[in-house]
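Scroll down for the structure; my scribbles are underneath it.
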Amino acid sequence: MHPSTLPATPFGRRAASLGQIASQVLAREAVAAAQSGALSNQPSAVHKWQLFRLLTEIRPRLGLSDRSLGVLNALLTFHPETALSLVSAGEEPGSEPRGLIVFPSNRALAGRANGMDDRTLRRHLAALAEAGLIIRRDSPNGKRYARRAGEDTPAQSFGFDLTPLVARAAEFELMAEELRREARRTRMLREKISLHRRDAAKLIALGLDEGLAGDWSGLRLRFMSLARPLRSGLPPDALEALERGLASLSSEAASLLAAAISIHKKTGNDGHSDRHQSNSNAKFSHDLEPASKEAGGTPPSNLETKPHVFSLGMVTEACPDIAAYHSDPDGIRSWSDFIAAARTIRPMLGISPSAWDEAVTVLGEANAAVTVAALLQRSEFSSEARSSVTAEGKTAITVNGSPAIRSPGGYLRVLTEKAGEGGFALGPLLMALIGQRLKAKRATAP
């Protein structure tokens with residue numbers, strides 16, 4: 001057997017692994033195919049920086065950290081050519097491509113890896129080898145160097161072999177395309193979820209506020225169970241299930257609304273409950289969109305000229321759940337977005353139009369929206385809510401260690417009344433929400 005066909009095992013106490021040997025076998029087969037001209041679906045040469053950008057795109061799939069890729073970037077700088085080629089002039093068939101072996105010292109490599117310490121550098125080199133991106137070709141004494149070819153002796157290099165990068169280039173491209181398709185699918189699902197959530201929220205709000213016939217309270221509870229914040233790493237299958245649930249909910253709400261309209265046409269009854277009539281207040285618009293001057297409603301507060309103690313960033317940190325109820329999948333970007341989200345969640349929390357109107361009158365529209373967001377964060381519908389069974393066999397719902405608010409509508413009226421008397425301030429409430437979350441994280445940290 002030719003020495004170049006033997007697997008390269010690591011120097012010293014490092015053990016060989018099946019993954020490393022498999023990577024060498026794949027690289028050797030690719031080189032042999034390139035030298036014989038039998039390559040079919042993979043290139044014999046690649047642009048190293050284009051390939052590196054591809055690897056950064058699929059890094060999570062490879063199980064590598066960004067610092068590991070930083071070390072690979074440094075290794076690539078030691079290769080003098082822009083192209084990485086499986087075939088080099090003058091090499092024997094079946095031999096390893098010496099031109100793809102780089103042999104920097106740890107000191108030189110660390111210098112190009114932003115001064116990485118030796119221990120960390122070794123760990124990331126091991127990760128690259130284990131992921132099958134490089135092959136370690138260690139010399140008998142563990143040093144890295146290239147030996148000049150003698151008259152009867154072929155040239156030999158000891159260091160890091162970059163052959164797997166070329167041998168697996170086609171695989172990396174397929175992996176990137178799969179990730180792109182998955183990203184497109186995820187983006188489309190998130191857009192559909194936002195649309196269904198907006199439709200369901202507005203239809204259910206209309207049914208609740210107008211007191212229409214039908215199980216609008218049941219739809220409200222189902223909506224709250226589905227409209228939780230979307231985690232960034234949620235798999236597509238989970239997103240599809242959520243999209244189907246919200247689409248079904250929106251369809252049911254539309255059917256209930258159509259039935260109520262049909263009854264109204266037949267009976268001439270406006271379908272409004274007495275409770276809703278008594279809560280009506282012509283001074284305010286109860287639509288989920290901001291009222292306009294032309295509509296006779298109160299326009300949104302001029303948030304640029306009205307002083308605010310709290311920044312939007314602080315409020316969304318204290319009340320992150322409110323972002324799930326904004327129709328834009330990109331999230332809340334302005335106070336107008338925040339107020340729109342609060343208007344959407346208001347009926348879902350069981351807060352009547354009159355309770356909202358009173359809060360806006362006393363607190364101002366922005367502060368009323370912040371209060372509603374805080375009530376959502378402390379309610380049984382919060383993403384941080386946890387249920388447990390007490391010693392008496394009853395179910396207790398807590399949010400970061402505090403009892404969950406069961407009636408946000410009544411709670412808002414109490415807070416509005418206290419604010420009118422000067423006994424309520426938003427600052428302590430927001431700081432308490434942030435503090436409770438940090439305390440809960442410390443309690444669960446390993």
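Odds and ends about this structure:
- Per-residue accessible area (protein heavy atoms, 1.4 Å probe) orders 158, 172 as 158, 172, starting from the largest.
- For the pair residue 120 and residue 336, label points projected 7 Å from Cα toward Cβ lie 4.5 nm apart.
- Among the trypsin sites (Lys or Arg not before Pro) found in segment 386-446, those both in a DSSP coil and sparsely packed, with 12 or fewer other Cβ atoms within 10 Å of their Cβ, are 394, 406.
- Accessible area of residue 143 in the full protein assembly, 1.4 Å probe (Å², nearest 10): 130 Å²
- Solvent accessible area, Å² - residue 120, 1.4 Å probe, full protein context: 10 Å²
- FRET efficiency estimate (nearest 0.05) - Cβ-Cβ, residue 61 to residue 240, R0 22 angstrom: 0.60
- Rolling a 1.4 Å probe across all protein chains gives residue 195 an accessible area of roughly 90 Å².
- Residues whose amide H lies under 5 Å from that of residue 405, counting only those 5 or more places away or on a different chain, are 379, 380; hydrogens are built 1.01 Å from N in the peptide plane.
- Accessible surface, 1.4 Å probe, highest first, among residues 222, 67: 67, 222
- Separation of alpha-carbon centers, segment 396-446 and segment 304-378, rounded to whole Å: 15 Å
- Long-range amide H partners of residue 146 with built H, under 5 Å: 158
- Gain in span if fully extended, residue 81 to residue 266, counting 0.36 nm per residue against the direct Cα distance: 58.4 nm
- Spin-label pair residue 228/residue 258, simplified geometry with 7 Å Cα→Cβ offset, distance in nm: 3.2 nm
- Here's the picture: charge each Lys and Arg Cβ at +1 and each Asp and Glu Cβ at -1 in segment 351-446, and of 396, 411, 364 the one pushed furthest to the positive end of that dipole is 396.
- Here the Karplus curve 6.51 cos²θ - 1.76 cosθ + 1.60, taken at θ = phi - 60°, turns the phi angles of segment 242-256 into couplings of 5, 4, 5, x, 5, 5, 5, 5, 4, 5, 5, 5, 5, 5, 4 Hz, with x standing for Gly and Pro.
- Contour minus Cα-Cα distance for residue 431 and residue 383 (0.36 nm per residue): 15.5 nm
The values are calculated or read from the model by the stated rules, or taken from the named source; none is laboratory data. The model shown is predicted, which means the values in this text are computed figures rather than measured ones. Ideal geometry is used to build each Cβ from the backbone, glycine not excepted, and the neighbour counts take in all protein chains shown. Ligands, DNA and RNA are excluded from the accessible area calculation, which covers all protein heavy atoms including side chains. Shrake-Rupley method; radii C 1.70, N 1.55, O 1.52, S 1.80 Å.
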